[in-house]
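Okay, so here's the structure we're looking at.
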Amino acid sequence: MEPGLKTHVSGGTATVTISNTGKRNAMTVAMWRELPPLLARLAADRAVRALVLTGDGGTFCAGADIGSLRDPSGASQGLAVAAEEALAAFPRPTVAAIRGYCVGGGAQLAAACDLRFAEEGALFGVTPAKLGVAYPASATRRLVRLVGLSAAKYLLFSGELVDCARALRTGLVDEVVAAGELAERIAEFTAVLASRSLLTQTAAKELANGTWDVPPEEAEARGASWAAQARESGDTTEGAAAFLERRAPRFRWPEG
């Protein structure tokens, strides 16, 4: 089977599967190039409430296809960064479902997701020091924000693989699931996401990702704008009514 990205949409969740099983789902240049437009199509689909990124078979992604690293122009790294940024900018919640190896470019993609759920036995590594590659600034910044400065340096300096326990402890993953139960847990969690206010999720994602490098007053103004939109949309009223009436809320898709 040719390497590529497989897509399936069901129950409000889009699943993107990295498929290059002969090379532990390593990302080829074509796959890096394919990801941003694929994500743009899914973002335009109003049926999609959440996105799951996973790997075919028993592993997530072992990084970039080593053949692409021989490109002296560095174009492949630019494509990888563009793919990572497109994933980080996806407007709905994103979850990486991780089995087996999550290494190099695979770790970049996982870090660009909002959340990471891993099956017991998964291994994680950020490996540019093993390859003589300068890790991209955007990926470095995202890793530092995710796990903290010291843990990021450990991963970047050593290139060592870490297990689920250490990944969970440092914040590299958010939840560890027993072997064989990852698919069920992901389905359960994305169903929860689909039942919540999309406006709240969109606001939270923008504010969490976008208020690091702006003045506090600008961040506060953006937060106030989102609060006003929530009130105008009716989500705030519906959430309060549902709570008082002890029923599930019925949130609307945000306009615009």
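The values are calculated or read from the model by the stated rules, or taken from the named source; none is laboratory data. Predicted, not measured: the structure shown is a model, and the values here were computed from it. Cβ placement follows ideal geometry from the backbone for every residue including glycine, while neighbour counts extend to all protein chains displayed.
Just one residue in the set Thr237, Thr170, Thr202 is of a type in the set (Val, Ile, Thr) and in contact with a Leu (Cβ under 9 Å, 6 or more places away or on another chain); that residue is Thr170.
Take Val16 and tell me if it is farther than 14 Å from Leu109 by Cβ, in the same structural domain as Phe90 (by TED's automatic domain parsing) and not in a loop (DSSP other than H, G, I, E, B). No, not satisfied. The number of residues in the range 201-222 that are modelled with pLDDT of 85 or more and hydroxyl-bearing (Ser, Thr, Tyr) comes to 1. Across the range 1-26, the qualifying residues are those that are crowded, with 17+ Cβ neighbours inside 10 Å and within 16 Å of the chain's Cα centre (by Cα), and the one among them that is farthest from Asp56 (Cα to Cα) is Thr13.
For first residues located in the range 74-102 and assigned by TED's automatic domain parsing to the domain that holds Leu39 and modelled with pLDDT of 95 or more, partners that are among the acidic types (Asp, Glu) and surrounded by 17 or more Cβ atoms within 10 Å (Cβ to Cβ) and lie 6+ apart or on another chain with Cβ distances below 6 Å form the pairs Pro93/Asp114; Thr94/Asp114; Arg99/Glu119.
Looking only at residues of the range 116-151 that are without any contact (Cβ under 8 Å) to a residue 24 or more places away in the chain and within 19 Å of the chain's Cα centre (by Cα), we find that the one that is surrounded by the fewest Cβ atoms within 10 Å (Cβ to Cβ) is Ala137.
Having 3 or more residues that are under 19 Å from Arg49 (Cα atoms) is the bar; report the strands (runs of 3 or more DSSP E) wholly within the range 81-137 that clear it.
On the way: elements: 94-98, 101-103, 115-119, 123-125.
Qualifying strands (runs of 3 or more DSSP E): 94-98, 115-119.
Considering the range 21-64 alone, what residues qualify as being in a loop (DSSP other than H, G, I, E, B), of a type in the set (S, T, N, Q) and at pLDDT 95 or above?
Of the residues in the range 21-64, the ones in a loop (DSSP other than H, G, I, E, B) are 24-26, 28, 44-49, 56-60, 62-63.
Going one step further and asking which of them are of a type in the set (S, T, N, Q), we end up with 25, 28, 59.
Residues satisfying the conditions are Asn25, Thr59.
In the range 53-65, the residues that are charged (D, E, K, R) and crowded, with 24+ Cβ neighbours inside 10 Å form no Cβ pair under 9 Å with any partner that is part of a loop (DSSP other than H, G, I, E, B) and modelled with pLDDT under 95, whether six or more places apart or across chains.
Among the residues making up the range 229-239, those that are in a helix (DSSP H, G or I) and under 30 Å from the mean Cα position of the chain (by Cα) are Gln229, Ala230, Arg231, Glu232, Ser233, Asp235, Thr236, Glu238, Gly239. Every listed requirement among (1) assigned by TED's automatic domain parsing to the domain that holds Gly58; (2) in a helix (DSSP H, G or I); (3) surrounded by fewer than 17 Cβ atoms within 10 Å (Cβ to Cβ) is met by Glu160 save one, (2). In this structure, Arg116 does satisfy being under 23 Å from Val162 (Cβ atoms), touching an Asp or Glu at 6+ places or on another chain (Cβ under 7 Å) and among the charged types (D, E, K, R). Under the condition of being part of a helix (DSSP H, G or I), more than 28 Å from Ala248 (Cα to Cα) and among the polar types (S, T, N, Q), the residues counted in the range 179-228 number 1.
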